[in-house]
Amino acid sequence: MRKFTLFTTIPAILLGIVLGVFTTSAFGQHPFELDGNATEGDYPGTDWNIVNAAGDSGLTEAETDLIVDRPEPNAAQFHGGASKDELDINGWGWRKGAPPAKDDITNAYAAAINDGGNFVLVFGMDRYDTSGSAQLGFWFFQDTVAPIPNGSSGSWDGLHQVGDLLVLVNFTKGGDVPTIETFKWDGTTAVQFSAADASLCENGWIPSGKDHCGITNSTAVTAPWSYEHKDLKGISPTFPPGGFFEGALDLTALGLDDVCFTTFLAESRSSASLDAVLKDFAGGSFPVCSISVTKSCVNPQLTPAEDEIVYTITGQVINDGFGTVYDVDLVDSPAADGAFAEIDCGTSIATGNYFPLTSLTTSTCYSNTITVPLAQNGTSDTVTATAWTASVGGSELLDTAPADCPTLSINPDISISKKCRAKVEVVGNYVVAKVEVAGLVCNTGDTSLSNVFAEDLNITTNPDPLVNGVSLVAPANPASPTVAEGACVEYTGSYYPSLANDFNDQATDCANEVVFKDTVEVEADDIFAQAITPESDMADCYLCTEGDCAVYSD
């Protein structure tokens, strides 16, 4: 079972992370300035002062404030001999208190950048004291990593994942050019990936032919956020020389762009060695990977039993961040009918794969059905897509998409035909007329009908027949008769009228024929228990004592 840990913070130590995906077209030659200061304007591209101004950076992804590691007494530092880059995170420790001044991080920041299709990490920090040599590090984790709050000291949450990235930056005392080397976690320890190399950022970006660069300020430059320096005794409007550092690493150029990072951690170190004890830290959430999902719900169809509705649901799962995501799965509400099938987005033809998918680098499409009761006709439907930032461990990504399913339209209809005859009977001591009726009730709509009820309206106009009248119910007088689509049922009945409707003075077959004008009406409910429009049919019933006058007539 996967482990998913919530990101936790120590108050005022980890306040957030700067994250954005920039595009080259939006910011000119390069989307970001790496020029030794934190303010926009020297080169095309945005800068840290814009990135850290919420809502004013032009980012296409979420952003938060820079990470603040001061002031006292909320500062914290690494603690314990196992707090080393070469060891796993579950062995690290922390405690409250400030580290040595030269190792004290005041603020840290990072962003994910799309530079013409290349995945570039930019990162930086400013320091409390610039009098000594600086050994800095920047971790990019796939798991959610954070100190576990526990009073004044504690351990760390999260574990290293294969592919976690460490960038080490070293400055000798008084040096302006940083030496940068990269390490990857191989499952056991951090292994060097690129050799130490001094590379200064040029013209606001990574030099041609290089995959990394770093730069610090050689003169005092504006501090666009609250910055505290040891020698200045309080908040300073400027970074003193060497107080500000920024760098970049082109992951695509290094072949490392297929990794989903979730957490960023800036660190200071006691020396340049990989086994150096770690000093200060500042870090937070850094979700460079993300997914999104779309949803449609169409084509309502009745089940054969006509008691449920089946909808077709389709959509797309999109990997819209950096890096491959893993174990991509879908859950629907209302619940889908079995596993989601992967389909080709262009042809909608099934690929033969079913969710969960092992991995996803770009996007894919899906198809399924949902079956709901008739009472949920026109339901709202929501799909939730989940994925993970690593094939083992990592953090969960998710997105949801709702859709309004169309209402199933039906066309219920019914017809009735009628014939009748009248004859004379002896009932007790009386000679009376009896009207007999018969006919068909037919379902002429596109769904079944229930509660079908046929009634002879002459029973209403003759309230006191000599013998009780008969309500005509089809078929065979069941309690709740149902007539299937396209089917017909017969009905019969009779009653004893109290008076005739008319006399046929023009009769040729029988003199003074008596006519009973008789009407039968039929009612029914559709599959949604809604009454449909009643239908009726009328027939003239002739009373005669000779020949064919007593047979059924329309």
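Does the stretch 274-297 include one or more residues that are farther than 27 Å from Ile67 by Cα and assigned to a loop (DSSP other than H, G, I, E, B)?
yes
Are there strands (runs of 3 or more DSSP E) fully within the stretch 318-360 with at least 3 residues that are among the hydrophobic types (A, V, I, L, M, F, W, C), touching a strand residue (DSSP E or B) at 6+ places or on another chain (Cβ under 6 Å) and modelled with pLDDT of 95 or more? List them.
Numbers: elements: 325-333, 341-343, 350-354, 357-360.
Filter on the stretch 318-360 gives 325-333.
Please go through the stretch 180-192 and give me each residue that is free of Cβ contacts under 8 Å to residues at least 60 places away in the same chain and surrounded by 16 or more Cβ atoms within 10 Å (Cβ to Cβ), ordered by number.
Correct list: Glu181, Trp185.
Evaluate the stretch 404-415: report whether one residue or more is closer than 30 Å to Thr263 by Cα and in a strand (DSSP E or B).
The initial filter retains those residues of the stretch 404-415 that are closer than 30 Å to Thr263 by Cα, namely none.
No, every residue in the stretch 404-415 fails to be closer than 30 Å to Thr263 by Cα and in a strand (DSSP E or B).
Right, Trp139: in contact (Cβ under 8 Å) with a residue 12 or more places away in the chain, in the same structural domain as Leu34 (by TED's automatic domain parsing), outside any loop (DSSP other than H, G, I, E, B) and within 25 Å of Leu200 (Cα to Cα) or not? It would help to see each step written out before you state the result.
Details: in contact (Cβ under 8 Å) with a residue 12 or more places away in the chain: yes; in the same structural domain as Leu34 (by TED's automatic domain parsing): yes; outside any loop (DSSP other than H, G, I, E, B): yes; within 25 Å of Leu200 (Cα to Cα): yes.
Judged against the criteria, Trp139 is a match.
From the list Leu466, Leu408, Leu472, Leu449, exactly one residue is aliphatic (A, V, I, L, M), under 56 Å from the mean Cα position of the chain (by Cα) and at pLDDT below 90. Which is it?
Numbers: Leu466 fails: under 56 Å from the mean Cα position of the chain (by Cα); Leu408 fails: at pLDDT below 90; Leu449 fails: at pLDDT below 90.
Going through Leu466, Leu408, Leu472, Leu449 in turn, just one is aliphatic (A, V, I, L, M), under 56 Å from the mean Cα position of the chain (by Cα) and at pLDDT below 90: Leu472.
Going residue by residue through the stretch 174-185, is there one that turns out to be in the same structural domain as Asp250 (by TED's automatic domain parsing) and over 24 Å from Val120 (Cα atoms)? Full working, then the answer.
Restricting attention to the stretch 174-185, the residues satisfying the condition of being in the same structural domain as Asp250 (by TED's automatic domain parsing) are 174-185.
Still in the list and also over 24 Å from Val120 (Cα atoms): 174-175.
Within the stretch 174-185 (the criterion being in the same structural domain as Asp250 (by TED's automatic domain parsing) and over 24 Å from Val120 (Cα atoms)), the answer is yes, since at least one residue qualifies.
For the stretch 193-208: of the residues being in contact (Cβ under 8 Å) with a residue 24 or more places away in the chain and at negative phi, which is surrounded by the fewest Cβ atoms within 10 Å (Cβ to Cβ)?
From the stretch 193-208, those in contact (Cβ under 8 Å) with a residue 24 or more places away in the chain are 193-194, 196, 200-201, 203-206; that's our starting set.
From what is left, the residues that are at negative phi are 193-194, 196, 200-201, 205-206.
Values: Phe193: 16, Ser194: 16, Ala196: 12, Leu200: 15, Cys201: 23, Trp205: 24, Ile206: 25.
Top of the filtered list is Ala196.
Give the residues of the stretch 226-245 that are over 22 Å from Phe123 (Cβ atoms) and either touching a residue at least 40 places away in the same chain (Cβ under 8 Å) or not assigned by TED's automatic domain parsing to the domain that holds Gln135 (or both), sorted by residue number.
Lys230, Asp231
For the stretch 320-331, indicate whether the set of residues that are surrounded by 15 or more Cβ atoms within 10 Å (Cβ to Cβ), over 30 Å from Asp257 (Cβ atoms) and not assigned by TED's automatic domain parsing to the domain that holds Ala529 is non-empty.
No; the residues of the stretch 320-331 include none that is surrounded by 15 or more Cβ atoms within 10 Å (Cβ to Cβ), over 30 Å from Asp257 (Cβ atoms) and not assigned by TED's automatic domain parsing to the domain that holds Ala529.
Residue-by-condition table, conditions (1) at pLDDT 85 or above; (2) more than 24 Å from Thr314 (Cβ to Cβ):
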{"residue": "Gly394", "(1), (2)": "no, yes"}
{"residue": "Thr400", "(1), (2)": "yes, no"}
{"residue": "Pro412", "(1), (2)": "yes, yes"}
{"residue": "Ala422", "(1), (2)": "no, yes"}
{"residue": "Lys434", "(1), (2)": "no, yes"}
{"residue": "Val441", "(1), (2)": "yes, yes"}
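Considering each of Val191, Val169 in turn, give the residue that is part of a strand (DSSP E or B), over 26 Å from Leu397 (Cβ atoms) and in contact with a Gly (Cβ under 6 Å, 6 or more places away or on another chain). Outline the logic, then answer.
Details: Val191 fails: in contact with a Gly (Cβ under 6 Å, 6 or more places away or on another chain).
When all the criteria are applied, what remains is Val169.
Based on what the data block shows, is Thr216 on the phi < 0 side of the Ramachandran plot, surrounded by 13 or more Cβ atoms within 10 Å (Cβ to Cβ) and touching a Ser or Thr at 6+ places or on another chain (Cβ under 7 Å)?
Judged against the criteria, Thr216 is not a match.
Could you pull out the residue among Thr144, Thr60, Thr130 that is touching a Phe, Trp or Tyr at 6+ places or on another chain (Cβ under 7 Å), at pLDDT below 90 and either outside the structural domain of Asp164 (by TED's automatic domain parsing) or in a loop (DSSP other than H, G, I, E, B) (or both)?
On the way: Thr60 fails: touching a Phe, Trp or Tyr at 6+ places or on another chain (Cβ under 7 Å); Thr130 fails: touching a Phe, Trp or Tyr at 6+ places or on another chain (Cβ under 7 Å).
The unique qualifying residue is Thr144.
The values are calculated or read from the model by the stated rules, or taken from the named source; none is laboratory data. Being a predicted model, the structure only gives us computed values, none of them experimental. Backbone-built Cβ (ideal geometry, glycine too); neighbour counts: all protein chains shown.
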